[in-house]
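Visitor: I have a structure I would like to understand better, so I am pasting it below and will then ask my questions one at a time.
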Amino acid sequence: MMYTGTSMNPALKASDVLQVLPYRREKIQPGDVIVFLPPGSSHVVVHRVISVNAQAIRTRGDHNRDIDSWVVSSDCVVGRVVWAQRGNRRRSIHGGLRGRLYSFGIRPIRMIDLKISSLLHPIYRRLAQTGVLRPWLPVRMETRVLSFDRSAGTELQLVMGRRIIGRLLPGRNEWLIRRPFRLFVNEASLPRGDRGVRS
């Protein structure tokens, strides 16, 4: 399956292709990254298991602050993510103890990043709006926009050189552009979600 969204960043990023294996004899463990159907939803979610007991499974996205509000039963679990492919690179997605250690390690880094980002964000935003750094971009690093048909609509990707630096997901109107690349992009010139996006 193809991953969309941001709740599992940085372990998973939008457009990663995931291999999902069903649980057979294995038990669901804290630290596993699972694909499941939340109660009352028709769309699957990919999050990490926080706790498991006989009655319920609790989950949270690595990028999210809070544990998910829902409680998942084992019969709603499609399977566990065992690897993710991003471009030509294929990586194992560890569960169990290694997955828990990864999650514990990434959370403090994320909190520090959020604190620093909130302090520097106004300066970063202002610099991006002025466009003062755009003339310094080498010609070989100029951006281009690629379009991909997805089941939910059209996804646009902003590419600089060989690197995907931004995405406009189906149904959205705001580009997600990785730092520090917004400094080099004229965001007003980029197509918006109302162009060529199926509803």
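Visitor: Counting alpha carbon pairs within less than 8 Å and at least 6 residues apart, what relative contact order, in whole percent, applies to the stretch 134-189? Could you put the intermediate results ahead of the total?
Guide: Details: 74 pairs, mean separation 14.9, N = 56.
Relative contact order of the stretch 134-189: 27 percent.
Visitor: Would you mind checking the tilt of helix 96-130 against the longest principal axis of the Cα atoms of the chain, expressed as 0 to 90 degrees and rounded to 10?
Guide: 20
Visitor: Oh, and also: Kindly identify the chain as rounded, prolate or oblate by the Cα gyration tensor criterion: order the square roots of the eigenvalues as a ≥ b ≥ c, call it rounded if a/c is under 1.5, otherwise compare a/b with b/c, prolate if a/b is larger, else oblate.
Guide: On the way: a/c = 2.18, a/b = 1.73, b/c = 1.26.
Cα axes put the chain in the prolate bin.
Visitor: Then there's this: Find which of 71, 41, 61 sits farthest along the positive direction of the dipole of the stretch 36-83, computed with +1 on the beta-carbon of Lys and Arg, -1 on that of Asp and Glu, about the Cα centre.
Guide: In the stretch 36-83, that residue is 61.
Visitor: What full-extension length gain, to one decimal in nm, is calculated for residue 189 and residue 55 as 0.36 nm per residue of separation minus the Cα-Cα distance?
Guide: Details: separation 134, 0.36 × 134 = 48.24 nm, distance 5.16 nm.
Additional length available on full extension: 43.1 nm.
Visitor: While we're looking at this one, here's another question. Given Cβ point charges of +1 (Lys, Arg) and -1 (Asp, Glu) and nothing else, what value in debye, to the nearest 20, does the dipole of the chain about its Cα centre take?
Guide: Working: 34 positive and 14 negative charges, 131 e Å.
My answer is approximately 640 debye.
All of the numbers you see were taken from the coordinates with simple rules; none came from a lab. None of the values given here were measured: they were computed from a predicted structure. A quick note on method: Cβ atoms are made from the backbone with ideal geometry, for glycine too, and the neighbour counts reach across all protein chains shown.
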